[in-house]
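Structure, as structure tokens:
Where a number appears in this text, it was derived from the coordinates with a stated rule and is not lab data. Remember, predicted model here, so these are calculated numbers, not experimental data. Neighbour counts are summed over all protein chains in view; Cβ atoms, including those assigned to glycine, are modelled from backbone coordinates with ideal geometry.
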Amino acid sequence: MSTARVSLLVDNPANYSEDSPRLSVPMAWGGREWNGKYLCDGMAGGDVDILQPNIIICGGFTALLRILTIARSHDVLVMPSCHTSYGSGIALAATIQASAAVPWKSMEAGQEPNPKEPMISLSPDILHIRNQFLVQKIDGSGGYLHVPEAPGLGTTVDEQILGQMAIQ
């Protein structure tokens, strides 16, 4: 199964409209956008198929929940992003918790991606780096990120490791 998508770095998602008819893959945007108004404008204009807000950049849980509400009203698939270099294991834990809370709605049949469960945009090759600061490591075995079940974000910062990294 193909999970192809096109993620473009543009200042204005309306620019997607020009390219969208020529592409056969969904248009994704938002992983590096911090301004909720721009995220919402992209959805309202129908220029975005998949919205990828980064919980660290967009303003945290509250901002992400607002974005999700608007995305649902525009039938835009939301796939929280933790793909960028911003953040650590705590950022990933927050993204996993947010993703688990998203009310998932698949795209139309035959259109990719058609997720059966929540999806996160993540570079798996840096999971071990993100985990080094955590007491309870995030499990990425089998191609799945497992939702931590402990209170809060489900993990805690390893104070000893953090202390070793501190610059005096």
Each label sits 7 Å from Cα toward the beta-carbon; between H146 and T62 the label points are separated, in nm, by 3.4 nm
Gain in length, T69 to A101, computed as 0.36 nm per residue apart minus the alpha-carbon separation, to one decimal in nm? 10.3 nm
Which whole-Hz ³J(HN,Hα) couplings does the stretch 138-152 yield from phi under the Karplus relation 6.51 cos²θ - 1.76 cosθ + 1.60, θ = phi - 60°, glycine and proline marked x? 7, 8, x, 6, x, x, 10, 9, 8, 6, x, 9, 5, x, x
Out of residues 5 or more away from L134 or on other chains, whose amide H comes under 5 Å of its own, with H placed 1.01 Å from N in the peptide plane? D158
In terms of modelled amide H atoms, which long-range or inter-chain residues lie less than 5 Å from the amide H of S81? N54, I55, S121
